[in-house]
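S.K.: One structure, pasted below without further comment.
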Amino acid sequence: MAMLEQVAAEGPSDDTETVSASEAARFHGRSPFRIALSRLRRDTVAMVCLSIVALLVLLAVFSGLITDLLKISATVDGKYSLDIATATEFDGLPAFGPPLHPFTWDHPLGIAPATATDNLATLLVGLRTSLIIATIATVASTVLGVVIGLVAGFSRGWVDRVISFVIDLFLSFPFLLGALALTPILVDRFGASAAELARAQFIALIAILVTFGWMSLARLVRGQVLSLREREFVQAAEVMGARTSRILFRELLPNLVAPIVIAISLGLPAYVTAEAGLSYLGIGITGRPSLGQMINQASKYYDQYPLYLFAPVTLIAVLVLALNLLGDAVRDAFDPKTRR
């Protein structure tokens, strides 16, 4: 008992003070962004997902080089395209490889029925197309949402009310209905020839994704700016006579890095899924291979040729899952309340 009383009288041990000091020293003099990156590097799930995403991006970027090295083609009139008459059998099924013949290294994922294009080449080129569309749509919708959110949050009076009404109006409009209605109009307006049609479908799909994808970020940024505009550094800038553009983009925008990064990390997989879904419904792009277009063509052979359908579905599932888990990790890393 005397020993216990002596320990209690001595107070807390030096170990607790040492841990607190080392923890404080680890973050001393570091910006919140660097602290978030440090948390992200210690997250095993985030690093695994980042590796998967990086690998898929590299495959998409070098898809043309890979298809040339393997001598496979994703189009009917490509450099290494197969002759349809000799590469297909009855019902258009492949004359070699799955599903009716043994596996062949010349076409690891088989060839497409009726068109005799290589499935691996179509998968790689389709991945590149989907990532290009998703990346452009993500960047464009992020810029649009950030600018509109900044203006709405910093403005007062009728400007804020009008912008808020427009945001609510777009949020209330069904995305799928808008895509079904606007895509054929844009294609008919700009698609005079085959080349222009492919270009018009590409631009129209990105325009649809951006038109219905900026509102959530704009509302989030507006809410953040409403709380930041009353802070001392903003009021000091106003008193000093700083221009509104400087206050918005030099004072307020750096304090919105965390929600913007989170919105980008979570918006990219959503656009990948949206592109695949619209292409599957036939209102996406048709002039170049895409994952959604491949799923649309493979759905007719799901019972006879399951590999033809499972390959793009599995790739989309892996890509979207990795992006979503990476987005969750980024959100947790930038959240100051988390202890991960």
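S.K.: So which of Ala237, Ala258, Ala333 is crowded, with 22+ Cβ neighbours inside 10 Å and touching a residue at least 12 places away in the same chain (Cβ under 8 Å)?
M.R.: Values: Ala237 fails: crowded, with 22+ Cβ neighbours inside 10 Å; Ala258 fails: crowded, with 22+ Cβ neighbours inside 10 Å.
Selected residue: Ala333, the only one of Ala237, Ala258, Ala333 that is crowded, with 22+ Cβ neighbours inside 10 Å and touching a residue at least 12 places away in the same chain (Cβ under 8 Å).
S.K.: With the checklist (1) modelled with pLDDT of 90 or more; (2) crowded, with 17+ Cβ neighbours inside 10 Å; (3) more than 21 Å from Leu205 (Cα to Cα) in hand, flag the one item Ala137 doesn't pass.
M.R.: Looking at each condition in turn, Ala137 falls short on (3).
S.K.: While we're on this one: Can you tell which of Leu144, Leu176 is at pLDDT 90 or above, in a helix (DSSP H, G or I) and not acidic (Asp, Glu)?
M.R.: Working: Leu176 fails: at pLDDT 90 or above.
Result: Leu144 is the single residue among Leu144, Leu176 that is at pLDDT 90 or above, in a helix (DSSP H, G or I) and not acidic (Asp, Glu).
S.K.: Still on this model: Which of the residues spanning the stretch 67-100 are touching a helix residue (DSSP H, G or I) at 6+ places or on another chain (Cβ under 6 Å) and in contact (Cβ under 8 Å) with a residue 24 or more places away in the chain?
M.R.: The answer is Thr67, Ile72, Ser73, Ala74, Pro98.
S.K.: Tally the residues that are modelled with pLDDT under 80 and either on the phi > 0 side of the Ramachandran plot or not polar (S, T, N, Q) (or both), restricting the search to the stretch 235-256.
M.R.: Total satisfying the criteria: 5.
S.K.: Here is a follow-up. Just name the residue that is surrounded by the most Cβ atoms within 10 Å (Cβ to Cβ) out of those in the stretch 49-67 that are among the β-branched types (Val, Ile, Thr) and under 17 Å from the mean Cα position of the chain (by Cα).
M.R.: Filtering the stretch 49-67 for residues that are among the β-branched types (Val, Ile, Thr) and under 17 Å from the mean Cα position of the chain (by Cα), the one surrounded by the most Cβ atoms within 10 Å (Cβ to Cβ) comes out as Val53.
The values are calculated or read from the model by the stated rules, or taken from the named source; none is laboratory data. Just so it is clear, the structure is predicted and the values come from calculations on it, not from any experiment. When we count neighbours, we look across all protein chains shown, and the Cβ atoms used for this are built from the backbone with ideal geometry, even at glycine.
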